[in-house]
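Notes to accompany the following structure.
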Amino acid sequence: MEEFIKALREQHAALNQQAADLRAQEKGDEAVFSTVRANVYDICATVMNVQVKKGDVPGFGRMLDRFQREWGAALDAAKRQDNAKKICVEETKLEALADVRTRFEELGCE
């Protein structure tokens, strides 16, 4: 599990660096989406670390399900409001979450 957490933290750092590079290139919109992705990896690494300490690794899968529901509902709300920026942010969060879920499932923990 430590390797999984380490991989999430590395992805978080890489995306934060990418966001900084994009801001330096005056590509603010793209930087925002890199930051959003970075935040998802950071949240997931933190939650996984807590679950490992609690001895409840499968609990991480339940948290991923919760994030999926909540962020999916936020996406639906953004669509109803026709809020293009929020739609893009929520889609970005869900895409990053899907990557985390795939990596977690590959560990055979769910």
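Tell me which of these D29 doesn't satisfy, since it passes every other one: (1) more than 17 Å from E3 (Cα to Cα); (2) at pLDDT 95 or above.
It fails just one condition, (2).
Which pairs do you get when a residue that is more than 23 Å from Y41 (Cα to Cα), found in region 65-84, comes within reach of a residue that is among the β-branched types (V, I, T) and outside any loop (DSSP other than H, G, I, E, B), reach meaning Cβ atoms under 8 angstrom, with the pair 6+ apart or on two chains?
If the second residue must be among the β-branched types (V, I, T) and outside any loop (DSSP other than H, G, I, E, B), the pairs left are K79/I87.
Name the single residue, out of those in region 53-64 being closer than 17 Å to H12 by Cβ and in contact (Cβ under 8 Å) with a residue 40 or more places away in the chain, that is surrounded by the most Cβ atoms within 10 Å (Cβ to Cβ).
Filtering first and then ranking leaves F60.
Run T46 past the list (1) in contact (Cβ under 8 Å) with a residue 12 or more places away in the chain; (2) among the hydroxyl-bearing types (S, T, Y); (3) within 19 Å of R66 (Cβ to Cβ) and report the number of the one that doesn't hold.
(1) is the only condition that T46 fails.
Can you give me the number of residues within region 14-29 that are of a type in the set (S, T, N, Q) and farther than 17 Å from Y41 by Cα?
Residues flagged as of a type in the set (S, T, N, Q) and farther than 17 Å from Y41 by Cα within region 14-29 amount to 1.
Criterion first (in contact with a helix residue (DSSP H, G or I) (Cβ under 8 Å, 6 or more places away or on another chain), assigned to a helix (DSSP H, G or I), surrounded by fewer than 17 Cβ atoms within 10 Å (Cβ to Cβ) and hydrophobic (A, V, I, L, M, F, W, C)) does A19 satisfy it?
Details: in contact with a helix residue (DSSP H, G or I) (Cβ under 8 Å, 6 or more places away or on another chain): yes; assigned to a helix (DSSP H, G or I): yes; surrounded by fewer than 17 Cβ atoms within 10 Å (Cβ to Cβ): no; hydrophobic (A, V, I, L, M, F, W, C): yes.
Judged against the criteria, A19 is not a match.
Identify the single condition in (1) within 11 Å of the chain's Cα centre (by Cα); (2) over 17 Å from F33 (Cα atoms) that E95 does not satisfy, given that it satisfies every other one.
Among (1) within 11 Å of the chain's Cα centre (by Cα); (2) over 17 Å from F33 (Cα atoms), E95 violates only (2).
The values are calculated or read from the model by the stated rules, or taken from the named source; none is laboratory data. Because the structure is a prediction, the values reported are computed rather than measured. Ideal geometry is used to build each Cβ from the backbone, glycine not excepted, and the neighbour counts take in all protein chains shown.
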